[in-house]
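The values are calculated or read from the model by the stated rules, or taken from the named source; none is laboratory data. Being a predicted model, the structure only gives us computed values, none of them experimental. A quick note on method: Cβ atoms are made from the backbone with ideal geometry, for glycine too, and the neighbour counts reach across all protein chains shown. Calculation scope for accessible area: heavy atoms of the full protein, side chains included, ligands and nucleic acids excluded. Shrake-Rupley method; radii C 1.70, N 1.55, O 1.52, S 1.80 Å.
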Amino acid sequence: MTNEIEIITFQEVKSNDKDVTEVMYDKFLKELKEKYPNMEVLSEDCDEEFDEKKNGGTTFYSKILEMKLNFETFTDYIKYCMEQGADLEVMKPSKITVNSKEFGELLIYILDFFNKIQARYDISYTVSTKPEIENTIEELKEGIYDEDDKFDFLEDGYIDAKFVLKGFGKSEEEVISNIVKTVSEDMYVNKVITQPMEFESVNGVNIVKPEFSGLIAVEVFAKPFELIEFTYKYLPITVKFQEKNIELDISEIQDIGNDLGGAVFELSHAAANM
């Protein structure tokens, strides 16, 4: 089974000046060809649109590039998605296998990438929340699932992973509850353990000292998509997961790439509008 990934992807260059758009596009295309020498240009289209909401009415000019790219590794593919904020379709292969070492290094790369963006612009994600949690705090500290449950999760392709976060709030219970309420519904939280620590100011800003401050270790069972999503949204201090080869089908490869590209675009857009 090959891990080489082939995609078709679109990139757009847009401005309110036709000549500037052409110059920007030519420069962008040159940079792409230098960075991805195997790229194949499939089509180039020009577009013109009038936006009556912009400055009393503004015409925008865009050039849209459709291209084919090949990546030798899953990591190369993910780096492209994050650096280019790509809109893409994966053409092949139908499946890939990523070993635990590469996946772990990829999570560290994603964590570092998003840490730098959020620290630079002082922005973060707003995560959706569930109205309540199903288990008590005491049950979460003890662990929800028994050995048979864990075996079933692993047989179904879930990964046993542990994240360590920093958190603070009015109480230990509130901090734990807020984390569990906001994790993906497709991620199963098994256990949460806390360790109180001396409170540190947030980005150098002094705030009222909370009742609880410390480390929160969260054990979960999740698929690769949810592990990656949790990593860039919550920016954990550490990530650990079981050593096993991770199989991804074509839809998972595509969903992960588009999700990461969309996440980078979301943060970039938020920073540009600050």
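Grab the strands (runs of 3 or more DSSP E) fully contained in region 155-265, keeping just those with 1 or more residues being charged (D, E, K, R) and under 27 Å from residue 116 (Cα atoms).
Details: elements: 159-169, 188-196, 212-222, 238-241, 246-249.
Ranges flagged: 159-169, 212-222, 238-241.
In region 80-95, which residue that is open to solvent by 60 Å² or more (accessible area, probe 1.4 Å) and part of a strand (DSSP E or B) is nearest to residue 10 (Cα to Cα)? Before you say what the answer is, go through the steps one by one.
In the first step, residues of region 80-95 are kept if they are open to solvent by 60 Å² or more (accessible area, probe 1.4 Å); the result is 83, 87, 89, 91-92, 94-95.
From the residues that got through so far, the ones that are part of a strand (DSSP E or B) too are 87, 89, 91-92, 95.
Numbers: 87: 6, 89: 9, 91: 14, 92: 17, 95: 23 Å.
The selected residue is 87.
Checked against the criterion of being among the basic types (Lys, Arg), modelled with pLDDT of 90 or more, open to solvent by 80 Å² or more (accessible area, probe 1.4 Å) and in the same structural domain as residue 83 (by the TED database), the candidates 54, 27 yield just one match: 27.
Let me confirm something: among 61, 77, which residue is open to solvent by less than 40 Å² (accessible area, probe 1.4 Å) and aromatic (Phe, Trp, Tyr)? Matching residue, one of 61, 77: 77. Pairing residues of region 127-149 that are touching a residue at least 40 places away in the same chain (Cβ under 8 Å) and closer than 23 Å to residue 235 by Cα with residues that are outside any helix (DSSP H, G or I) and open to solvent by 70 Å² or more (accessible area, probe 1.4 Å), at Cβ distances under 7 Å and at least 6 apart in sequence or on separate chains, gives 141/193.
Within region 154-183, the set of residues being closer than 29 Å to residue 97 by Cβ and crowded, with 18+ Cβ neighbours inside 10 Å comprises 158, 159, 161, 163, 183. For region 185-198, filtering for residues that are surrounded by 15 or more Cβ atoms within 10 Å (Cβ to Cβ) and either modelled with pLDDT under 90 or among the hydrophobic types (A, V, I, L, M, F, W, C) (or both) leaves 4. From (1) among the hydroxyl-bearing types (Ser, Thr, Tyr); (2) within 30 Å of residue 233 (Cβ to Cβ); (3) in contact (Cβ under 8 Å) with a residue 40 or more places away in the chain, pick out the condition that doesn't hold for residue 61. For residue 61, the exception is condition (2).
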